[in-house]
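This report refers to the structure that appears directly beneath it.
The values are calculated or read from the model by the stated rules, or taken from the named source; none is laboratory data. The structure presented is a predicted model; accordingly, all values stated were derived computationally and were not measured. When we count neighbours, we look across all protein chains shown, and the Cβ atoms used for this are built from the backbone with ideal geometry, even at glycine. Quick note on the areas: whole protein, heavy atoms, side chains included, nothing else; ligands and nucleic acids left out. Shrake-Rupley method; radii C 1.70, N 1.55, O 1.52, S 1.80 Å.
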Amino acid sequence: MDLRGKRVVVLGLGISGMEAAKLLHDKGARVTVRDQAATGQVAERADALRRLGMRVELGPDVQPGTDYDLAVLSPGIDPQAPIVETLHQAGLPMFGELELAYRFCQCPIVAITGTNGKTTTTELVEAVLVAAGKRARASGNIGTAFSAAVRESGDLDMMVLEVSSFQLENIVDFRPRISVHLNLTPDHLDRYATMEEYAYAKRQVFRNQTVDDFAVLNAKLSLPGLMATRITFSAEGLAADYQLVDGWLVARGEQVLEQGRTHLIGGHNAENMLAALAVADLYQVPRGVAVKALCEYQPLPHRCEKVAEIDGVIYLNDSKATNIDALEKALVAMHSPVVLLAGGKDKGLDFTSLRPLLREKVRTVVLIGEMADKLASAWQSAVPCHKAGSLAAAVAEARVLAHRGDTVLLSPGCSSYDMFKSFEDRGDQFRALVQAQAAPAL
C-alpha cells in the first residue's frame, strides 16, 4: 500500500488513532488528525503529533472536510456519527485502524474476538506460543495498538490480536490465519441498534478467510457459511473438538489438563484455555509445553482478582465485568455466599434474567452509579438491594453486610465511565479501599 503523498484524515485520537497517525506519517502520508475532545490525554497526544509535523484539529466544532484520499477511523468513533457520515457521503474510502495496520503486517495473524474473555485468551495464546519458542506478539485491543506492533512484524512468526467489534466494523481485506470467536452475549447495545448488528460486526473476523485458514469457535455459535476449517470448543457439555469434561480440558477425546491445576476458575476460563489449546495444536506446540504455560499463567488484574481476606471474608475485584454475561460467569464461579457490588454506566441492557442466579448465589447487593435505580428495580424481588453514593460507601456497606465465609465481589455488570476513567481505575480504587480496611490500625 503506497501512501506517499496521500492526504489522509484520522478521526479519533485514542491510542489506536495516535498510532495509526504515526504509521501513516512514517509511510509518507500527509496526515490530518481530528478529535472532538480537546483536553487531557487527547491534548497531550495532539502536541506529540504536531511535533512530528502532523496537523491536528481538536474541539467539538471541528468539521472533517472532504479533501482527502483516505479516512481512517479509530475504533471509538461511532460509524453513524455525523462527522463520519459527511465523509461517507463524499465517497471517501474509509478504513479502520485494524485494516490499516493489516496492510503492513508481514506475519500471519491469530485474531481473537468475543464478548468476554478476549484479553485473557490473547495472553494465553501468546504464552503457549512463546513457551514453544515461537516469536509471537500480542497487540490490538489488549493495550498495544496493532499499528504500533506491526512495525516489528517482519521479525515475528505470528501476531496475536485481540479484536473488538468496533475494530472489525471497517475492515476490507483483513484476513487472519486463525480466527477465534469466544462467545456472543448482549453488550454495546448503546452503539448497536440490535443484537443482530452486534453479532454481524463480530462475524467479520471470518469474512475474508479461505479454506486454507482456521475458525476456532464456541460450539454454541451458529455460524453457517464459513470458508475456513472449523474447530469447536465448549465447557457446557456440547459436542465439540475441545471440551471441559469432569474438570479436565479434553482435546479430541484426550485428557490434557485438570483445570484445578491452573490459576483460572470457572467455565468461561475453561473455554478461554480450550481455545488457546486449539491454537497451540494448530501450531504443533508440544503438549507438555502448552500444559506448563497454561498452568503458569496468572490471571490479569480486575478479573476475579483476590484482593484481601478480612475477618473471614474474601474480597474479589472483577471490575472487568462490564456486561451481563461477565457478571453471570463470575457469579456461577462462586462457591460461597456473595455480597455483590454492581452498577455503573447504562448500556441499554436488561438485567432481569439474572434473578434466579442472584437468588441462588447472592446474599445481598450494593448498587452504585448511573444504573443503581434500574438494577434495584430489576433485582429487588430476588435479593435485598442497597444503594451507595460512591464506591467507598459501597465497600463500607459491604463490610457491614458480609458474614464470615462470604465473598464480597465487585462485578459491576456495567461499564465504568459514569464514575471512573476506566474499568482499571474502578478496580484500582476498589483494591485500595479494601486494602485500607485490611491494614492494621496504627
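Say each of Leu52 and Ala393 gets a label point 7 Å from the Cα, pointing the same way as Cα to Cβ; how far apart are those two points in nm?
It is 4.5 nm.
Once you list every other residue whose beta carbon is under 11 Å from the beta carbon of Ala251, what net charge do they have if Lys and Arg are +1 and Asp and Glu are -1?
-1
Would you mind computing, in nm to one decimal, how far apart the modelled labels at Val62 and Ala376 are, each placed 7 Å from Cα along Cα→Cβ?
4.0 nm
If you roll a 1.4 Å probe over the heavy atoms of the protein chains, what accessible area per residue do you get for the chain, in Å²?
I get 41 Å² per residue for this part.
Sort 326-333, 120-127 for me by packing, meaning the mean count of neighbouring Cβ atoms within 10 Å per residue, highest on top.
Per-residue Cβ counts within 10 Å, averaged per peptide and sorted highest first, yield 120-127, 326-333.
Within segment 188-264, which GluC sites (Glu not before Pro) sit in a loop by DSSP and count at most 15 neighbouring Cβ atoms inside 10 Å?
Answer in residue order: Glu236.
Out of the DSSP beta bridges found with both residues in the chain, what percent are antiparallel (nearest 5)? Before the final figure, lay out the partial values.
Numbers: 14 of 70 bridges.
Once the DSSP bridges in the chain are tallied, antiparallel ones form about 20 percent.
For the chain, set up a Gaussian network in which alpha carbons nearer than 10 Å are linked by springs, and say which option among Val180, Val72, Val256 fluctuates the most.
Maximum among the listed residues: Val256.
According to a simple spin-label model (label point 7 Å from Cα along Cα-to-Cβ), what is the distance in nm between Arg230 and His335?
Placing both labels 7 Å beyond Cα along the Cβ direction yields 3.6 nm.
Report relative contact order for the chain in percent, whole number only (criteria: Cα-Cα under 8 Å, sequence separation at least 6).
Working: 947 pairs, mean separation 48.9, N = 442.
The normalised contact order for the chain reaches 11 percent.
Given a 1.4 angstrom probe, I'd like the percentage of the accessible area of the chain that is carbon and sulfur, rounded to a whole number.
Heavy-atom surface of the chain belonging to carbon and sulfur, 1.4 Å probe: 49 percent.
In a shell of Cβ-Cβ distance under 9 Å around His181, excluding His181 itself, what net charge do Lys and Arg (+1) and Asp and Glu (-1) give? Could the numbers behind the result be given before it?
Numbers: positive: Lys202, Arg203; negative: none.
Combined, the nearby Lys, Arg, Asp and Glu give +2.
If Lys and Arg each add +1 and Asp and Glu each add -1, what is the summed charge of the other residues whose beta carbon sits under 9 Å from the beta carbon of Phe146? Don't skip to the end; give the middle numbers.
Numbers: positive: none; negative: Glu19, Glu97.
The answer is -2.
Divide by every residue of the chain the summed helix terms, -39500 (n - 2.57) for each DSSP H run of at least 4, and state the resulting mean residue ellipticity at 222 nm, rounded to the nearest 500 deg cm²/dmol.
-9500 deg cm²/dmol
So, in Å, what gap is there between the alpha-carbon centers of segment 221-253 and segment 150-210?
20 Å
Out of Gly405, Ala432, Ala394, whose Cα points farthest toward the positive end of the dipole of segment 393-439 (charges: +1 Lys, Arg; -1 Asp, Glu; placed on Cβ)?
Gly405
So, with +1 on the Cβ of K and R and -1 on the Cβ of D and E, and no other charges, what is the size of the charge dipole of the chain about its Cα centre, to the nearest 20 debye?
My answer is approximately 400 debye.
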